[in-house]
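Enquirer: I am attaching a structure below and will ask some questions about it afterwards.
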Amino acid sequence: LSQDEQKRVAAYRAVDFVQSGMVLGLGTGSTAVHALDRIADLLRRGVLHDIVGIPTSKQTESIARALKIPLSDLDAHPVIDLSIDGADEVDPFLNLVKGRGGSLLREKMIEGATKKFIVIVDESKMVGRLGGSGLAVPVEIVPFGWSYTLSKLKALFELERGFNAKLRTRVEEDGKEVPFVTDNGNYIIDLYFENGIERDLGMLSDSLLRIVGVAEHGMFLGMATSVIVANKDGEITVIN
Ligand code: DER
């Protein structure tokens, strides 16, 4: 199976856990989209009914709206029955890195308010240690004084070999490079660890959140109820 087919297989398996009448946290990203498609199809066919979706991003909101999934928000539903979402990395303890799509704050709020959080991934997301993929560990920060906040983040890791941190940018149509802005009007600093994160994740989380300009980070520690992994042979593993 291609990586996208693996994502679809994992997503469809997760939707087996959806029951009519549930309030669902709707994830963000290319894996979660397959879950949205499947939920919409089951609703259309009457297999599922009375579902309310709480989208974890404006992108997911517009996709779900187009798929005619009934939507609401966290204020109306502060307790959510089930959330289904992708991840960028999964470690052996089911700790996650999320947020490479930029939606980590709303995802963490919604998935933190959920009774059961099922993560759906293709096998490429499994790592021995968070940060191990060498890809970004995102931190959402307020735009005010972003360069100062970046310097505080770098100071946290000044002794770490192979560490780097940089403001996430995007390129506008006219080619101008500008800061990436999240759904919440914030910026993102991406942290890079050449050898993965080599310190206690809980202590790192506390240190990050103590930096005043930091709104939230993309490490989801001890939040996943289960992880559904699909591999290239189409085999599914459900890890609890
Ligand atoms: O940005 C995010 O948090 C996404 O959910 C990410 O973790 C997974 O995105 P993908 O399914 O497109 O790989």
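The values are calculated or read from the model by the stated rules, or taken from the named source; none is laboratory data. Everything numeric in this text was worked out from a predicted model, so none of it was measured. Cβ sites come from the backbone with ideal geometry, for glycine too, and all protein chains shown count toward neighbours. Heavy atoms of the whole protein, side chains included, go into the accessibility calculation; ligands, DNA and RNA do not. Shrake-Rupley method; radii C 1.70, N 1.55, O 1.52, S 1.80 Å.
Enquirer: Working carefully through the options D81, D75, find the one that is at pLDDT 95 or above, more than 13 Å from the ligand (Cβ to nearest atom) and open to solvent by less than 60 Å² (accessible area, probe 1.4 Å).
Expert: D81
Enquirer: Oh, and also: Among the numbered criteria (1) buried (at least 16 other Cβ atoms within 10 Å of the Cβ); (2) under 23 Å from V137 (Cα atoms); (3) more than 16 Å from the ligand (Cβ to nearest atom), which single criterion is violated by P92?
Expert: The failed condition is (1).
Enquirer: Residue under question is G112, and the condition is that it be open to solvent by less than 10 Å² (accessible area, probe 1.4 Å) and of a type outside the set (A, V, I, L, M, F, W, C); does it hold?
Expert: Against the criterion (open to solvent by less than 10 Å² (accessible area, probe 1.4 Å) and of a type outside the set (A, V, I, L, M, F, W, C)), G112 does not qualify.
Enquirer: If I go through segment 140-149 residue by residue, how many of them are open to solvent by 20 Å² or more (accessible area, probe 1.4 Å) and within 22 Å of the chain's Cα centre (by Cα)?
Expert: Residues that pass the stated criteria total 2.
Enquirer: Could you say which residue among V137, V127, V121 is near the ligand (Cβ under 10 Å from one of its atoms) and either crowded, with 20+ Cβ neighbours inside 10 Å or touching a residue at least 60 places away in the same chain (Cβ under 8 Å) (or both)?
Expert: Being near the ligand (Cβ under 10 Å from one of its atoms) and either crowded, with 20+ Cβ neighbours inside 10 Å or touching a residue at least 60 places away in the same chain (Cβ under 8 Å) (or both) holds for just one of V137, V127, V121, which is V121.
Enquirer: A further question follows. Of the conditions (1) out of contact with any helix residue (DSSP H, G or I) (no Cβ under 6 Å at 6 or more places or on another chain); (2) within 29 Å of V23 (Cβ to Cβ), T169 clears all except one; give me its number.
Expert: The number of the failed condition is (2).
Enquirer: All but one of (1) outside any loop (DSSP other than H, G, I, E, B); (2) over 14 Å from S83 (Cα atoms) hold for A32; state the number of the condition that does not hold.
Expert: (2)
Enquirer: Another question about this same structure. Could you grab me the full set of residues in segment 35-64 that are assigned to a helix (DSSP H, G or I) and within 20 Å of T182 (Cβ to Cβ)?
Expert: K58, Q59, T60, E61, S62, I63, A64
Enquirer: For segment 167-194, which residues satisfy the criterion of being touching a strand residue (DSSP E or B) at 6+ places or on another chain (Cβ under 9 Å), free of Cβ contacts under 8 Å to residues at least 60 places away in the same chain and assigned to a loop (DSSP other than H, G, I, E, B)?
Expert: E172, V181
Enquirer: With respect to the numbered conditions (1) surrounded by fewer than 17 Cβ atoms within 10 Å (Cβ to Cβ); (2) more than 25 Å from A113 (Cβ to Cβ), which one is the sole condition not fulfilled by L191?
Expert: So L191 meets the others, but not (1).
Enquirer: Somewhere in segment 49-61, is a residue open to solvent by less than 50 Å² (accessible area, probe 1.4 Å) and among the acidic types (D, E)?
Expert: Taking segment 49-61 first, the residues open to solvent by less than 50 Å² (accessible area, probe 1.4 Å) are 51-57, 60.
Keeping just the survivors that are among the acidic types (D, E) gives none.
Looking for residues that are open to solvent by less than 50 Å² (accessible area, probe 1.4 Å) and among the acidic types (D, E), one finds none in segment 49-61, hence no.
Enquirer: Same structure, new question: Which residues, counting only those in segment 150-166, are touching a residue at least 12 places away in the same chain (Cβ under 8 Å) and crowded, with 16+ Cβ neighbours inside 10 Å?
Expert: Passing the criteria: L150, K152, L153, L156, F157, E160, F163, A165.
Enquirer: How many residues are more than 20 Å from K166 (Cα to Cα) and within 19 Å of the chain's Cα centre (by Cα) when one looks only at segment 207-240?
Expert: So the answer is 14.
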